[in-house]
Amino acid sequence: AFYWPEDTRLSVSPYFTGNFGDFKLRFNAFYVQQRNNTEGYFSQDRSTAQTFFIDKFHKEQQQSIFEETSMGFFLMPSYTIASWNTIRFNIHYRVEQHEQFYKALSSTGTFATDLGTGEVASNDMSASYVTVAVEDQMNFRTPVGQLSLSAGISYDAQNFTNFQYFDSTTMTLVDFPMVNDDSSIWGTHDSFNPVISAMLDPVKDFLRIRTALAMKTNFPSLSTYKDLGSLIQDNVISADYSLDPERIYSFNAGFELFFLNNGLSFRNDYFYTRIKDKITKLYDPTSTKDLFVNIDGITVQGLE
């Protein structure tokens, strides 16, 4: 059983939009923070459990405190080149931080004696992320109906900047080995991700046909690497253990029918998604630990 005496969430997101003739601009900054204080028990009646401990020397019950912070911005300009052609850009940057603290619930235990009654940091991890994207949208009148085409590409990157854990020997935060760098331009991981889509109205206000094809990258999270860091600390895995980002390939195609002056519509789509190098947690019986690994992947397809 778990008990959360505190759960705090803060989100601030101011934005600006402006139209300057054929040029439009949208800017959005954000700051998001989530903080959770957790206590563990043996059972629902809250009988005390010694499940939270910062190291093998301090096993009395403690609060486990998690704090997640993300801050950054989106800059999204667009320019209308002609009545049938608009080009859009997106520049995104953010910094994410994952922190974990422990706090003694008893002022007379060894934890409070050695480390005090305040919060003691046990993990501190951070990473920065960058996306630079461009997309061109075109509209044409054709003999078979109105045709809309869109094509774009994004550069996405993740860069680990801090990777620390509590060392019971020095009673301080020390550095974990940093994640292996496999980027081609910047950061720890990076990738290029294209997208293309098409939409045709062969019968105006009655039939629409659409399709899209895209590729995206999902980077390992800070929480995932926190668990890997603990396994490195326990000598379960080597310091050069690494995870590949997930590669997501998606395709969809379908049609839509409109009735009653577009007041009623019926839409049917086929979708296909392939996630390569899927990140998942598996139990390793040789070490009696859960490990994050890359599996070959999963495939999802269907109709909706």
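The values are calculated or read from the model by the stated rules, or taken from the named source; none is laboratory data. Source: prediction; values computed, not measured. All Cβ positions, glycine included, derive from the backbone under ideal geometry; neighbour counts span all protein chains shown. Heavy atoms of the whole protein, side chains included, go into the accessibility calculation; ligands, DNA and RNA do not. Shrake-Rupley method; radii C 1.70, N 1.55, O 1.52, S 1.80 Å.
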Could you check Gln34 against (1) surrounded by fewer than 16 Cβ atoms within 10 Å (Cβ to Cβ); (2) in contact (Cβ under 8 Å) with a residue 40 or more places away in the chain and say which number it fails? (2)
Which ones in the stretch 245-264 are open to solvent by less than 70 Å² (accessible area, probe 1.4 Å) and in contact with a Lys or Arg (Cβ under 9 Å, 6 or more places away or on another chain)? Glu246, Arg247, Ile248, Ser250, Asn252, Ala253, Gly254, Glu256, Leu257, Phe258
Regarding Thr170, is this residue closer than 30 Å to Leu207 by Cβ, more than 20 Å from the chain's Cα centre (by Cα) and exposed (fewer than 14 other Cβ atoms within 10 Å of the Cβ)? no
Among the residues of the stretch 178-194, is there at least one that is in a strand (DSSP E or B), modelled with pLDDT of 95 or more, open to solvent by 40 Å² or more (accessible area, probe 1.4 Å) and farther than 30 Å from Asn268 by Cβ? yes
The stretch 231-242 residues that are at negative phi, paired with ones that are assigned to a helix (DSSP H, G or I) and open to solvent by less than 50 Å² (accessible area, probe 1.4 Å) (beta carbon under 8 Å, 6 or more apart): Ile237/Leu228; Ile237/Leu231; Ser238/Ile232; Ala239/Ile232; Tyr241/Leu228; Tyr241/Leu231; Tyr241/Ile232
Condition check for Leu291: assigned to a strand (DSSP E or B), modelled with pLDDT under 95 and either buried (at least 16 other Cβ atoms within 10 Å of the Cβ) or small (Gly, Ala, Ser) (or both): yes
Which pairs do you get when a residue that is modelled with pLDDT under 70, found in the stretch 38-50, comes within reach of a residue that is open to solvent by less than 20 Å² (accessible area, probe 1.4 Å), reach meaning Cβ atoms under 6 angstrom, with the pair 6+ apart or on two chains? Phe42/Ala49; Ala49/Gly40
Residue that is of a type in the set (A, V, I, L, M), closer than 30 Å to Tyr41 by Cβ and modelled with pLDDT of 90 or more, where the choices are Met125, Met138: Met125
All-but-one check, Val195 against (1) under 30 Å from Pro177 (Cα atoms); (2) among the aliphatic types (A, V, I, L, M); (3) in contact (Cβ under 8 Å) with a residue 60 or more places away in the chain, failing number (1)
Filtering the stretch 265-288 for residues that are more than 21 Å from the chain's Cα centre (by Cα), open to solvent by 70 Å² or more (accessible area, probe 1.4 Å) and of a type outside the set (A, V, I, L, M, F, W, C) leaves a count of 7
Quick one: what pairs do we get from the stretch 69-85, first residue in contact (Cβ under 8 Å) with a residue 40 or more places away in the chain, second open to solvent by less than 70 Å² (accessible area, probe 1.4 Å) and not in a strand (DSSP E or B), C-beta under 9 Å, 6+ apart or different chains? Thr80/Gly21
Qualifying positions in the stretch 216-272 - part of a loop (DSSP other than H, G, I, E, B) and acidic (Asp, Glu): Asp234, Asp240, Asp244
Specify which of the listed residues (Phe27, Phe89, Phe23, Phe66) is farther than 30 Å from Ser150 by Cα and in contact with a Ser or Thr (Cβ under 9 Å, 6 or more places away or on another chain). Phe66
Is one or more of the residues making up the stretch 90-113 touching a Leu at 6+ places or on another chain (Cβ under 7 Å), at pLDDT 95 or above and of a type in the set (D, E, K, R)? yes
